[in-house]
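Asker: Structure incoming, see below.
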Amino acid sequence: MSTGTRRLDLEEVGDVTVAKFTDKKILDEGNIQIIGNQLFALIEEDGRQKIVLDFSNVEYLSSAALGKLITMDKKVKAAKGKLRLCNIRTDIYEVFAITKLNKLFDMKENLELALAGM
Amino acid sequence: MAPIAQFDLWIPNNTETAREVQERIIGLMEQNAWPMRECFGVRLALEEAMVNAIKHGNRMESDKQVFIACELTAEEIMVVIEDQGEGFKPEDVPDPTEDENLENPGGRGIMLIRSFMNAVAYNDRGNRLTMIKKLGVENE
């Protein structure tokens, strides 16, 4: 696992890894870099293939954070894995919708729906 | 409409200081009972504009500065952000929502600014952004 403060709380539900962001604001470049490294390590170092990202703590994110999520999505696809996003509040969902990233990501309303059929 | 609050300042070219100014601006809006949803949009626009100025405009150079001006009235908030870079042409930035650009990790900042603010304008050189959010007015 990468060095630095843990930015993700990890939980195993069957063969699915649920990664919950611990930050309220995902804005700072340094933070985003650490989050990105911790996300990528799930695939590249730990070999996890089914990942749900839980946004329930997240109140703000910037386009820099979207960039990391896109890279994460590519890595998961390259590893023939599955990535889902859940518990995204309305304001933040709007950011995904404006940028049409809601077409790219598999987004579910809550964790239960995200885990279903993973 | 007379301003309720206004300030302008030059800050060093780093995101920590920019974020302090961001908090100051959002604080003014909150004190004047702006809805959370509108504070969210303005915060996001400020974040994107400030990072663009520091990273792309001033290219992270520590000897450069960013100018920020803010004016809040009962009806709207206006923010000007100017960097000391060469400027750019906003029309040259590709549409990030086109299929071929959808998976690009960057290039969404300006679009988000335009989406969350009611009026956005760049000077001819492309190093000064003026943006306005009107209280209670949704974008088209």
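Rule-based calculations on the coordinates, nothing more; no lab input. These numbers come from a predicted model, not from an experiment. Backbone-built Cβ (ideal geometry, glycine too); neighbour counts: all protein chains shown.
Asker: Return A:Asp54, A:Asp15, A:Asp106 ranked ascending by Cβ neighbour count within 10 Å, so the fewest neighbours appear first.
Answerer: A:Asp15, A:Asp106, A:Asp54
Asker: Where in chain B are the DSSP H helices whose alpha-carbon span along the long axis reaches 30 Å or more and whose Kyte-Doolittle mean is at least 1.0?
Answerer: Once both thresholds are applied, nothing remains.
Asker: Could you compute the net charge surrounding B:Val66? Neighbours are other residues with a C-beta less than 9 Å from the C-beta of B:Val66; K and R count +1, D and E count -1.
Answerer: Charge balance in the 9 Å sphere: -1.
Asker: Lysines near B:Lys64 by alpha-carbon distance under 26 Å, same-chain residues fewer than 8 away left out - which ones?
Answerer: B:Lys55, B:Lys89
Asker: Something else now. When the Cα centres of the stretch B:37-83 and the stretch A:54-70 are compared, how far apart do they sit, in Å?
Answerer: 20
Asker: Right, something else. Just B:Glu91, B:Glu82, B:Glu48 to compare: in a GNM of chain B, with alpha carbon springs under 10 Å, which one fluctuates most?
Answerer: Checking each option, the largest mean-square fluctuation is seen for B:Glu91.
Asker: Hey, another quick one. Take the alpha carbon gyration tensor of the protein assembly as shown, find the square roots of its eigenvalues, order them as a ≥ b ≥ c, and report rounded if a/c is under 1.5; if not, report prolate when a/b exceeds b/c, else oblate.
Answerer: prolate
Asker: Placing +1 at every Lys and Arg Cβ and -1 at every Asp and Glu Cβ, with all other atoms neutral, what dipole size does the protein assembly as shown have around its Cα centre, in debye to the nearest 20?
Answerer: That gives a dipole near 520 debye.
Asker: In chain B, with Lys and Arg counted as +1 and Asp and Glu as -1 at Cβ, which of these residues, B:Val80, B:Val21, B:Ala5, has the Cα nearest the positive end of the dipole, that is, farthest along it?
Answerer: The residue sitting farthest along the positive end of the dipole is B:Ala5.
Asker: Cross-link candidates for A:Lys103: which lysines have Cα within less than 21 Å, leaving aside residues fewer than 8 places away along the same chain?
Answerer: Result set, ordered by chain and number: A:Lys50, A:Lys68, A:Lys74, A:Lys75, A:Lys77, A:Lys80, A:Lys82.
Asker: Taking the Cα centre of chain B as origin, sum charge times position over the Cβ atoms of Lys and Arg (+1) and Asp and Glu (-1), and report the length of that vector in debye to the nearest 20.
Answerer: For chain B, the charge dipole is close to 360 debye.
Asker: Sort A:Ser56, A:Ser63, B:Ser115 so that the residue with the fewest other Cβ atoms within 10 Å of its own Cβ comes first and the one with the most comes last.
Answerer: A:Ser56, B:Ser115, A:Ser63
Asker: Can you compute the charge dipole magnitude of the stretch A:8-113 about its Cα centre, using +1 on each Lys and Arg Cβ and -1 on each Asp and Glu Cβ, nothing else charged? Give it in debye, rounded to the nearest 20.
Answerer: With only Lys, Arg, Asp and Glu charged at Cβ, the dipole is about 500 debye.
Asker: Right, here's the next one. First check a/c for the stretch B:43-103, with a ≥ b ≥ c the square roots of the eigenvalues of its C-alpha gyration tensor; if it is under 1.5, answer rounded, and if not, answer prolate when a/b is larger than b/c or oblate otherwise.
Answerer: Oblate.
Asker: While we're looking at this one, here's another question. Partner chain Cβ atoms within 10 Å, averaged over the residues of A:55-62 - can you pull that number for me?
Answerer: Per-residue shielding by partner chains comes out at 2.
Asker: Put a dot 7 Å past each Cα toward the Cβ at B:Phe67 and B:Glu100; how far apart are the dots in nm?
Answerer: In this crude label model, B:Glu100 to B:Phe67 measures out at 3.8 nm.
Asker: Between B:Asn123 and A:Glu44, how many nm apart are label points set 7 Å from Cα along the C-beta direction?
Answerer: Those two pseudo-labels are separated by 4.1 nm.
Asker: Determine the shielding of peptide A:66-77 by partner chains: average, over its residues, the number of Cβ atoms on other chains within 10 angstrom of each Cβ.
Answerer: 2
Asker: Report, for chain A, the % of DSSP beta bridges that are antiparallel, rounded to 5.
Answerer: 30
Asker: So for each of A:107-113, B:23-29 I average, over its residues, the number of other beta carbons within 10 Å; can you give me the resulting order with the highest mean first?
Answerer: B:23-29, A:107-113
Asker: Could the peptides A:67-79, A:31-43 be put in order, highest first, of the mean number of other beta-carbon atoms found within 10 Å of their residues?
Answerer: In decreasing order of mean packing, A:67-79, A:31-43 become A:31-43, A:67-79.
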